[in-house]
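What follows is a short report on a single structure.
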Amino acid sequence: MSIGLDDVVAAETALSHVDGEAGRLIICGHDLEELAGRVTFEDVVAMLWSGLVGDVADPRAVIGKARVRAYGHLAPLARQLTGLTPVEGMRLLLSSLPDAEEDHPALAVGAAGVAAAMAVRGAQGLAPVEPDASAGHAADILRMMRDAPAAADEAQGLDTYLVTVIDHGLNASTFTARVVASTQAGILSAVVAGLCALKGPLHGGAPGPVLDMLDAIGSVENAEAWLDDAMTRGERLMGFGHRIYRVRDPRADVLMAAVGRLKGRDNRIAFAEAVEVTALKVLERRKPGRRLDTNVEFYTAILLDALGVPREGFTPLFAAGRTAGWVAHAVEQTRTGRIIRPQSRYVGAWPAEAA
């Protein structure tokens with residue numbers, strides 16, 4: 001028996017494949033590096049949905065219209081976001097959408113973008129900003145979140161991030177979405193379930209602590225001593241190592257390139273890069289022979305921080321990208337016609353036998 005279902009094949013999928021030994025992520029037959037930063041988020045959505053969802057010949061227009069339609073559903077709930085964290089606010093907003101609504105896939109992705117921006121603003125006591133159907137999804141999310149247009153390289157940076165997290169094998173949130181979809185509960189219910197799983201700090205909540213680590217280090221000169229002390233205390237260095245990838249996380253590489261385009265502005269990218277170099281040196285010295293490379297969490301934190309996203313908003317933006325993958329998996333699972341129903345091994349007490 002495999003506790004945690006490690007190495008248990010629970011589904012067949014044509015959507016993505018993770019090769020941790022080779023450091024490779026394949027999305028619909030393409031290496032991630034072929035897509036992220038080169039192909040727009042909307043076009044990768046169309047690739048994921050090909051053969052699963054109806055006409056997505058113009059995915060930018062379809063998703064843009066879906067954002068406007070979603071805003072009509074969600075805007076009346078803006079006042080209820082007070083006192084909620086952004087991810088709690090996003091959960092509230094998405095759970096309000098009816099499963100009976102038409103065009104579930106596009107509505108889910110459009111709503112996820114709107115809800116992420118609304119929830120970030122709501123947590124700060126700010127009113128929501130209406131979407132622009134003509135804009136790209138990443139650019140519009142930034143505009144709705146900041147109430148100001150994003151520069152082209154900023155929009156491209158977020159677009160790269162959304163592609164990077166769009167799908168990643170049968171992770172906890174995707175498996176959750178497939179389980180719910182297998183009951184025929186509906187795509188929107190599957191998306192909300194996926195978000196609830198992503199909310200956990202062991203899954204979608206990790207990038208924020210990377211910034212906490214940088215805050216604690218404070219300066220380049222202090223980095224090596226701080227990192228050494230942290231390892232002596234048995235603490236994990238946030239943003240390094242991965243349960244699946246045994247070599248460098250390919251998502252870190254494409255995000256590093258996106259971060260590089262924003263370097264030199266009012267951000268701490270140069271500081272973070274210096275800390276990364278020092279951390280890798282400390283890890284090699286303290287754990288010789290063990291590969292603990294930079295993972296996606298490190299450069300996610302640096303990129304989103306440079307884009308002005310508060311760290312409490314990192315998980316909602318993760319969900320805004322991953323929703324497209326959850327939708328594809330939900331449809332793929334539903335087509336099997338089978339409910340996911342694994343067995344468990346009972347290890348409790350047995351009733352006393354009759355005398």
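The values are calculated or read from the model by the stated rules, or taken from the named source; none is laboratory data. Small disclaimer: the values here were computed from a predicted structure and weren't measured. So basically every Cβ, Gly included, is an ideal-geometry build from the backbone, and we count neighbours across all protein chains shown. The area values use the complete protein model at the heavy-atom level, side chains included, leaving out ligands, DNA and RNA. Shrake-Rupley method; radii C 1.70, N 1.55, O 1.52, S 1.80 Å.
Only residues that are assigned to a loop (DSSP other than H, G, I, E, B) and either over 13 Å from residue 67 (Cβ atoms) or in contact with a His (Cβ under 8 Å, 6 or more places away or on another chain) (or both) were counted in region 86-105, giving 7. With respect to residue 200, determine if the residue is over 23 Å from residue 22 (Cα atoms), open to solvent by 70 Å² or more (accessible area, probe 1.4 Å), among the small types (Gly, Ala, Ser) and not in a helix (DSSP H, G or I). The answer is no for residue 200.
For residue 71, the conditions (1) touching a strand residue (DSSP E or B) at 6+ places or on another chain (Cβ under 9 Å); (2) in a helix (DSSP H, G or I) all hold with the exception of (1).
Taking each residue of region 51-71 that is within 18 Å of residue 94 (Cβ to Cβ) and looking for partners that are buried (at least 18 other Cβ atoms within 10 Å of the Cβ) and charged (D, E, K, R) with beta-carbon atoms closer than 9 Å, six or more apart or interchain, yields 63/42; 67/140. In region 88-105, of all residues being open to solvent by 20 Å² or more (accessible area, probe 1.4 Å) and aliphatic (A, V, I, L, M), the one that is farthest from residue 316 (Cα to Cα) corresponds to 100. Here the helices (runs of 4 or more DSSP H) wholly within region 266-355 that include at least 3 residues being touching a residue at least 60 places away in the same chain (Cβ under 8 Å) and buried (at least 18 other Cβ atoms within 10 Å of the Cβ) are 296-306, 314-334. The sole residue among 297, 312 that is of a type outside the set (A, V, I, L, M, F, W, C) and at pLDDT below 90 is 297. State whether one or more residues within region 106-123 are assigned to a loop (DSSP other than H, G, I, E, B), of a type in the set (A, V, I, L, M) and either open to solvent by 10 Å² or more (accessible area, probe 1.4 Å) or closer than 15 Å to residue 329 by Cβ (or both). Scanning region 106-123, I find no residue that is assigned to a loop (DSSP other than H, G, I, E, B), of a type in the set (A, V, I, L, M) and either open to solvent by 10 Å² or more (accessible area, probe 1.4 Å) or closer than 15 Å to residue 329 by Cβ (or both), so the answer is no. A Cβ distance below 7 Å, combined with a sequence gap of six or more or placement on separate chains, defines the contacts here; from region 177-205, residues that are free of Cβ contacts under 8 Å to residues at least 24 places away in the same chain reach residues that are buried (at least 19 other Cβ atoms within 10 Å of the Cβ) and part of a helix (DSSP H, G or I) in the pairs 193/176; 193/177; 193/180.
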